[in-house]
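Okay, structure first, notes after.
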Ligand code: NAP
Ligand code: GLV
């Protein structure tokens, strides 16, 4: 029995050390030196090259290094019948909550404008309301959206969320499905996207959606670049429909050097680091699931291939 893993190069050593510490008997194979591929039963991967996973004949589960699994389902040759497990681990959730709270507060308190004023050595009194009078909308109330919504509700923001199915989250107004979308958007002065990227959500952050937000609303996208129509964001910023945007993810990553977002005065860019999987905590989840599979039980956090998340 062997496990193969592929993460970004910068974090591979930390993952290897975490496996070594927590399950030293595990036969770990590196992506570019898989050895006898018939031994490989588990794959822990981030953005594997298309078609490679299909080549492992005895694969029992595919674990995503990240919460998102779009990097797996975009592979037309993803082996059918092998469970795909998404990453749910407390540090990933905590990191995303921190990111969302930080940027919601920045938008809410107009911090970007005050920093611009400081650079211009300009003293201007900017009045900021307090949280209860600010409406925040979270698209996606799953593992990450729910935690972020709860943290904002604890600060007494007026929080709403939108998901496929109705939710009952204390302090958070729940909207769901196509039917609930317009009312949810009308509520969202600060809109946060934490949806998975699927065929249904691809390109969802577009002009049609921005027109349903209160005028001058702002956008935070910490989900996937594939959710956003980037020229529509630029147009909405130009027209004043959107006042500002904080973007962690982009259609093309790294963001190309000539992209208009870089120098835009009302766009804040972060390099797809809103939240990173913690190797120690993640390896714990993977090992627990390996034990479950060995006992003949299904792994936890399995993805529904039809829904794509
Ligand atoms: P999750 O637990 O699977 O939750 C997804 C949420 O989106 C659920 O509430 C789901 O509704 C809702 N949803 C899915 N499709 C929908 C649709 N068509 N209409 C309305 N709602 C829909 O996912 P998660 O763990 O919170 O992660 C969300 C995403 O964050 C990941 O997929 C990943 O792309 C992104 N992410 C980004 C970073 C970063 O650093 N930038 C880090 C981690 C994750 P139901 O609850 O009704 O099913
Ligand atoms: C990061 O983008 C993740 O999906 O965890």
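Here, each number is a calculation from the coordinates, and none is a lab measurement. Because the structure is predicted, anything quoted here is derived from the model rather than measured. Note that we place each Cβ from the backbone using ideal geometry, even for glycine, and neighbour counts take in every protein chain shown.
Annotations
- Kirkwood-Stokes translational diffusion coefficient of the stretch 109-216, alpha-carbon pairs, 20 °C, 1.002 mPa s, µm²/s: 143 µm²/s
- Additional length obtainable on full extension of the chain from residue 114 to residue 27, 0.36 nm per residue less Cα span: 25.9 nm
- Where the Cα pairs of the chain fall when distances are cut into 10 Å bins, in %: 6, 25, 31, 22, 12, 4, 0
- Using a Förster distance of 41 Å, the FRET efficiency for residue 186-residue 292 (Cβ separation, nearest 0.05): 0.40
- With both labels modelled 7 Å from their Cα along Cα-to-Cβ, the residue 36 to residue 82 distance reads 1.8 nm.
- Length-normalised contact order for the chain - Cα pairs under 8 Å, 6+ apart - percent: 17 percent
- Extending 7 Å from the Cα toward the beta-carbon at both residue 1 and residue 258 defines two label points whose distance is 5.3 nm.
- Distance from the Cα centroid of the stretch 227-305 to that of the stretch 1-52 is 23 Å (rounded to whole angstrom).
- Calculated [222 nm] ellipticity per residue, helices only, for the chain: -9500 deg cm²/dmol; basis is -39500 (n - 2.57) per DSSP H run with n ≥ 4, divided by all residues, nearest 500.
- Measuring between their Cα centroids, the stretch 152-193 and the stretch 132-150 lie 6 Å from each other.
- By DSSP, the beta bridges lying fully in the chain are antiparallel in about 5 percent of cases.
- Two-decimal Rg/Rh across the stretch 92-166, once Rg and the Kirkwood Rh are taken from alpha-carbon atoms: 1.08
- Once C-alpha pairs closer than 8 Å and six or more residues apart are averaged by separation and normalised to the residue number of the stretch 90-269, the relative contact order reads 17 percent.
- Computed from label points 7 Å out along Cα-Cβ, the spacing between residue 304 and residue 105 is 3.6 nm.
- More than 20 Å apart - percent of Cα-Cα pairs taken over the stretch 90-269: 51 percent
- Mean projected area of the convex hull spanned by the Cα atoms of the stretch 1-137, taken over all viewing directions: 12.7 nm².
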